[in-house]
Amino acid sequence: MKKQKKTTFLHLLIFFVITLTSVYAQDQNQFGFAGDREQTFVAGSPESVAIWKQWCALHEKGDVEGITALASENIRIEAPGGKLTINGKEALTAFLTQWFDDNEQVRVTPEWGVPLKFINQQGNPIDGDWVTSGFSLQINDGTETTVEQNHANVYIENGLIQYFQVLQYKVSTLAQVTLSVDLSSYDGEFSTVGVFGSFNDWCGSCNPMTDKDGDGVYTTTIQAIPGELQYKFILDEQGVEESFESGDPCTTTVDIYTNRVLQVEGNMTLEPVCFNSCSSCE
């Protein structure tokens, strides 16, 4: 009699777990498709996104131990076009060690990401999450800097990256662009001079400019992806920034913002211009 009660309780427990799991999937806002099946995903865990972002951040530090601590023993990584496949943590360790030794800088910057949990044919969520993410990969080999615009499909389970596939859709070599601003006739007071723009996410303190010969002309060299570059010169880390009218010849206007604009086609050195002007001070 006791054995029968125990068996009945076990059956009820199993039924409860299965029912609860199914309810979990049904209660979520299901979306997407897989093959001919509709509504096959629900939102994944924020923790999975955090793991992916941590994985990316550790590359700039060259932290092989930290990166591999986030990888499963049987991790598999597939690079674009079948150029490289890494199988297992040992192979990953060897690859990263050589990669970081060969390059002065490796920077992985996630630009967006969405965690997804797959719903199987029984209507139940799988254990892990997929994180689909857009990211840039910047590599400086000591001679030049290249930037790749990539997409990753990353599978994370039990807090470890099990698999990811990289899809590449743009590769650029960064250009060296030398900019100069003439403040010799500027009437106001200032302590520092700099430049900010689309090349540095409009960071006011990231690219200071210097006047080595004391003639009032401040210069710096930035790295920029070929194409349109928007920028402005600034004083005191954006305490004062240039102001232009829409339609000024060296500018472009997007919404309410009017900035200097330049088409970068390779390494360039621009002639000095006056602060708040499209022309020289002479």
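The values are calculated or read from the model by the stated rules, or taken from the named source; none is laboratory data. Quantities reported herein were computed from a predicted structural model and do not represent experimental measurements. Reconstructed Cβ throughout: ideal geometry from the backbone, glycine too, with neighbour counts over all protein chains shown.
Quick notes on this one:
- Selection status of residue 111, part of a strand (DSSP E or B) and either modelled with pLDDT of 95 or more or within 18 Å of residue 154 (Cβ to Cβ) (or both): yes
- Any pair with Cβ under 9 angstrom, 6 or more apart, that starts in segment 79-90 at a residue that is in contact (Cβ under 8 Å) with a residue 40 or more places away in the chain and ends at one that is among the hydrophobic types (A, V, I, L, M, F, W, C): 79/86; 79/166; 80/166; 80/167
- Within segment 166-192, residues that are farther than 13 Å from residue 275 by Cα sit with their Cβ atoms under 6 Å from residues that are of a type in the set (S, T, N, Q) and assigned to a loop (DSSP other than H, G, I, E, B), at 6+ positions apart or across chains, in these pairs: 175/267; 176/267.
- Options 174, 179: the member that is among the hydrophobic types (A, V, I, L, M, F, W, C), at pLDDT 95 or above and within 19 Å of residue 222 (Cβ to Cβ): 179
- The C-beta contact set for segment 114-131 (first residue of a type in the set (A, V, I, L, M), second residue assigned to a loop (DSSP other than H, G, I, E, B) and loosely packed, with under 14 Cβ neighbours inside 10 Å, distance under 8 angstrom, 6+ apart or interchain) comprises 119/126; 126/120.
- Residue 188 being in the same structural domain as residue 224 (by TED's automatic domain parsing), exposed (fewer than 14 other Cβ atoms within 10 Å of the Cβ) and farther than 20 Å from residue 213 by Cα: yes
- Any chance residue 143 is polar (S, T, N, Q) and either part of a strand (DSSP E or B) or in contact with a strand residue (DSSP E or B) (Cβ under 8 Å, 6 or more places away or on another chain) (or both): no
- Residues of segment 69-103 satisfying the condition of being part of a helix (DSSP H, G or I), surrounded by fewer than 16 Cβ atoms within 10 Å (Cβ to Cβ) and hydroxyl-bearing (Ser, Thr, Tyr): 97
- Evaluation of residue 246 against (1) over 24 Å from the mean Cα position of the chain (by Cα); (2) closer than 14 Å to residue 178 by Cα; (3) not in a strand (DSSP E or B) (one fails), failing number: (2)
- Lone qualifier among 119, 126, 161 - being surrounded by fewer than 18 Cβ atoms within 10 Å (Cβ to Cβ) and more than 30 Å from residue 263 (Cα to Cα): 126
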